[in-house]
Number of protein chains: 2
Amino acid sequence: MTHFAFHLDATDTETAARAGRWETPHGVVDTPAFMPVGTLATVKGLLPEQLKATGAQMVLSNTYHLALRPGSDIVKEMGGLHKFMDWEGPILTDSGGFQVFSLAGLRKLTDEKAVFRSHIDGSLLELSPEKAVKIQEDLGADCIMCLDECPPANDVPEKIKAAVDRTTLWAKRCRDAQVRDDQALFGIVQGGISEEMRTRSAEGLVPLGFPGYAVGGLSVGEAPVDMYRTLDFTVPHLPVEKPRYLMGVGRPEDILEAVYRGIDLFDCVLPTRNGRNAMAFTSDGPVRLRNAVHQRDERPLDPECDCTACTRYSRAYLRHLFIAKEMLGGILLSLHNIAFYQKLVRDLRNAVNSGTVAQFRANQLARWQAQS
Amino acid sequence: MTHFAFHLDATDTETAARAGRWETPHGVVDTPAFMPVGTLATVKGLLPEQLKATGAQMVLSNTYHLALRPGSDIVKEMGGLHKFMDWEGPILTDSGGFQVFSLAGLRKLTDEKAVFRSHIDGSLLELSPEKAVKIQEDLGADCIMCLDECPPANDVPEKIKAAVDRTTLWAKRCRDAQVRDDQALFGIVQGGISEEMRTRSAEGLVPLGFPGYAVGGLSVGEAPVDMYRTLDFTVPHLPVEKPRYLMGVGRPEDILEAVYRGIDLFDCVLPTRNGRNAMAFTSDGPVRLRNAVHQRDERPLDPECDCTACTRYSRAYLRHLFIAKEMLGGILLSLHNIAFYQKLVRDLRNAVNSGTVAQFRANQLARWQAQS
């Protein structure tokens, strides 16, 4: 694991927020960082050069989806994920576990493995810790994830506990199965919104010595306040000197709150999914481009944004694209929303470095809430 | 009409092919030229900078579609089509007539005007020569078209004749209705595949002194050989010193044959529509990317092409995008196909300038046919 180093440049004195630099085999990631989601080896509708222009340094791809289509063997044969999708920067792949639990027809789950049905053609497949690592080694991302069990948010305590213990068991097997030394394998803390369970999970995983830790099982239906509280009592159990990744989160305010609580890495489909559905995140809160109010609006979407959508087009044009069902609408709003998230994490880094995180958070929340 | 000039750099001695430069208020177009189609003020899925990188100098937009959505008044209010869609180069708009005859529910056609139903909401609309010019003046393209009557390819001779005469009548009214002096208004020759009718149409239009002439009513179902024969006897009736535009054509071989016969300008949806449907034009003929044969193919789509799709991706990746229904597949193949058409017209220009058109045509046709 000589290819990775995590440097903390600054830690806020009033909050748990940190600013750092994470060195990976494919370049440096400045943290806090937001990873756009490229589920099937493509961030929907965007070319890598467009993605890079938003300020994105690292992208996420989904192991479950790629294992089904085109198959990790083909990605490997084509030179690995970076070459396949032409993304030269760092990539993270999840373990596939989350989709097995949320998307696939789950057939049987034992300590040994998960047996499930493909959501595409119903074929019977299986995923074990060893297989999750093997697939991710074939894909070749810079950062890979242990297979975890992600129970529903409202599961009973005994189920949450069993999932925590199985996740710890699987994490050890993932670690032992890892062959490549140029991929950072992260452990994933589970435990729902229970302090006892999150503590149990972290205490099981930290001794295994992973180069980074993810917080999984959040943003799965619980109230935002429960997510924030869970971070409050989970993050302190994670090693200070290693990157911390909050999986699948979230809205701009969630990122703000999580950075405040010491998280370094994020991924979420919101900027791209909402972008394709004509919803833009802006400095003054969400804008829905289909609304008739934008029909003759010459103004840019967000005058504080320097992305292509905001510097070259009117709201009237963007609205027209969505009303006319033109692909370019979703493309431009995806670009903008990713640029908005990148600006948010960049601003947060600057706020940490200048010791103004609490103030930045208060100002942002007030501004966004004024509009909603 | 001081904003336009057409210079012929070379005319082939063996064929009717010409190479020229057409100066417009938004820049020079080297001819022969191919215009990608941006129906609704966007070439589907592509940003202007991507389009420009293919070598495209001029784009076409559709008056009928823009008049319905968002409305020419809105485009005008937003500063005109160039600003609205952020295309700084020349633009051509058709008159809307073709869509009225092919797409709308046609209700009534008189010498005065066409009354029809919108294909979107069924509302009753009308288009007269004067209105077609007014809408196109509001849109503000560099090159605009007279309203013509475009009868079905297999219509009876009397109907073809009536359409020719109405087209001439309307052309004069369009000319008289024109207010702006910074738009080149083209007359459109109709007449089906009849030499007598095409001659009659050209002889009616040429005395009206348009700055350019279009050949309409082809590629509407007739055999390619009939289209080529029609060009053989139509083009000689058009002024040598003015640009000639073959509307809505066509396949690469059609462009080759039409340049051979003295055509300067083209537009067609094929490169983008086929691109979105996983069909690529290549130096060795068509490639269908969904085919299983490409599943593990590391080779570029077309090794002779320098576009993004061909220089940065494998056929395996492009196939994966289509199989996974990812937007990027259609985007990359649209980009490639437009780049392929641009290379074709560039090669044709070079062939005219070097006096090798006949040879170039023979070589190309042999090569494409070897694969099909």
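The values are calculated or read from the model by the stated rules, or taken from the named source; none is laboratory data. Treat the numbers as computed from the prediction; the structure is a model and nothing was measured. Positions of Cβ are generated from backbone atoms using ideal geometry, with glycine treated the same way; all protein chains shown enter the neighbour counts. Calculation scope for accessible area: heavy atoms of the full protein, side chains included, ligands and nucleic acids excluded. Shrake-Rupley method; radii C 1.70, N 1.55, O 1.52, S 1.80 Å.
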For the stretch A:270-372: accessible area per residue (Å², 1.4 Å): 42 Å²
Considering only the label points, 7 Å along Cα→Cβ from Cα, what distances in nm to one decimal separate B:Arg346 from the same position in each other copy, shortest first? 3.3
Chain B residue with Cβ closest to the axis mapping B onto A, distance in whole Å: B:Met327, 3
Please state, rounded to one decimal and in Å, the Kirkwood hydrodynamic radius that the stretch A:278-372 gives when every pair of distinct Cα atoms enters the mean of 1/r. 14.0 Å
With θ taken as phi - 60° and the coefficients 6.51, -1.76 and 1.60, list the Karplus ³J(HN,Hα) couplings across the stretch A:44-52 in order, rounded to whole Hz; mark glycine and proline as x. 3, x, 10, 7, x, 5, 5, 4, 4
Which whole-number percent gives the relative contact order of chain B, counting Cα pairs below 8 Å spaced six or more residues apart? 18 percent
One decimal, nm, shortest first: give the distances between the label point of B:Pro303 and those of the same position in the other copies, each label point 7 Å from Cα along Cα→Cβ. 5.5
Going residue by residue through the stretch B:63-75, the Karplus relation 6.51 cos²θ - 1.76 cosθ + 1.60 with θ = phi - 60° gives ³J(HN,Hα) values, rounded to whole Hz and with x marking Gly or Pro, of 4, 4, 5, 5, 5, 7, 8, x, x, 5, 5, 5, 4
Can you pull the one-decimal nm distance between simple spin-label points at A:Asp176 and B:Arg367, each 7 Å off the Cα toward Cβ? 6.0 nm
Could you work out how far helix A:157-177 tilts from the main Cα principal axis of chain A, as a 0 to 90 degree angle to the nearest 10? 80 degrees
Accessible area per residue of the stretch A:1-140 at 1.4 Å probe, in Å²? 37 Å²
Table column - 3J(HN,Hα) (Hz), the stretch B:354-366, Karplus curve with 6.51, -1.76, 1.60, x for Gly and Pro: 9, x, 10, 4, 4, 5, 4, 4, 4, 5, 5, 4, 4
Which of the peptides A:279-285, A:50-56 is most tightly packed, and how do the rest follow, going by the mean number of other Cβ atoms within 10 Å of each residue? A:50-56, A:279-285
Quick check on chain A: of the DSSP beta bridges with both residues there, what percent are antiparallel, nearest 5%? 50 percent
Toy charge model, Lys and Arg Cβ at +1, Asp and Glu Cβ at -1: the protein assembly as shown dipole around Cα centroid in debye, rounded to 20, equals 1040 debye
Carbon and sulfur: what percent of the stretch A:237-372's accessible surface (1.4 Å probe)? 45 percent
At 7 angstrom along the Cα-to-beta-carbon line, where would the label on B:Gly221 sit relative to the other copies? Give the distances in nm, shortest first. 5.6
Average partner chain C-beta neighbours within 10 Å, per residue of B:318-331? 5
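Let me know the whole percent of all Cα-Cα pairs from the protein assembly as shown that are separated by more than 52 Å.
Here the long-distance tail beyond 52 Å is 24 percent of all Cα pairs in the protein assembly as shown.
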Please figure out what share of the DSSP beta bridges in the stretch B:42-153 is antiparallel and state it in percent, rounded to the nearest 5. 60 percent
Listed residue pairs exceeding 24 Å between alpha carbons, taken from A:Lys108/A:Lys131; A:Lys52/A:Lys131; A:Lys44/A:Lys325; A:Lys83/B:Lys52: A:Lys52/A:Lys131; A:Lys83/B:Lys52
Normalised per residue, the volume of the convex hull around the Cα set of the stretch B:5-268 (Å³): 119 Å³
Cysteines in chain A that, by Cβ-Cβ distance, have no pairing candidate under 4.7 Å: A:Cys143, A:Cys150, A:Cys268, A:Cys307
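May I ask for the accessible area buried between chains B and A, both sides summed, probe 1.4 Å, to the nearest 100 Å²?
Its buried surface, counting both partners, is about 3700 Å².
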Beta bridge orientation in the protein assembly as shown: antiparallel %, DSSP, nearest 5: 50 percent
Descending packing, highest mean Cβ count within 10 Å first, for B:288-299, A:35-46, A:225-236 is A:35-46, A:225-236, B:288-299
On a 0 to 90° scale, report how tilted helix A:195-205 is relative to the longest principal axis of chain A, with both axes built from alpha carbons and the result rounded to the nearest 10. 60 degrees
Within a 10 angstrom radius of each residue's Cβ in B:267-277, how many Cβ atoms of other chains show up on average? Whole number is fine. 0
For chain B, the longest principal axis of the Cα atoms and the Cα long axis of helix B:129-139 enclose an angle in degrees, to the nearest 10, of 50 degrees
Which whole number gives the average count of other chain Cβ atoms within 10 Å of the Cβ atoms across peptide B:78-89? 3
GluC sites (Glu not before Pro) restricted to DSSP loop in the stretch B:221-268 with at most 12 other C-beta within 10 Å: B:Glu241
I'd like to check one number: the per residue accessible area of the stretch B:176-263, probe 1.4 Å, reported in Å² as a whole number. 34 Å²
In the neighborhood of B:Pro48, defined by Cβ-to-Cβ distances under 11 Å, what is the net charge if each Lys or Arg adds +1 and each Asp or Glu adds -1? -1
Per-residue counts of other Cβ atoms within 10 Å, averaged by peptide: what ranking do you get for B:116-122, A:331-337, A:128-134, highest first? A:331-337, A:128-134, B:116-122
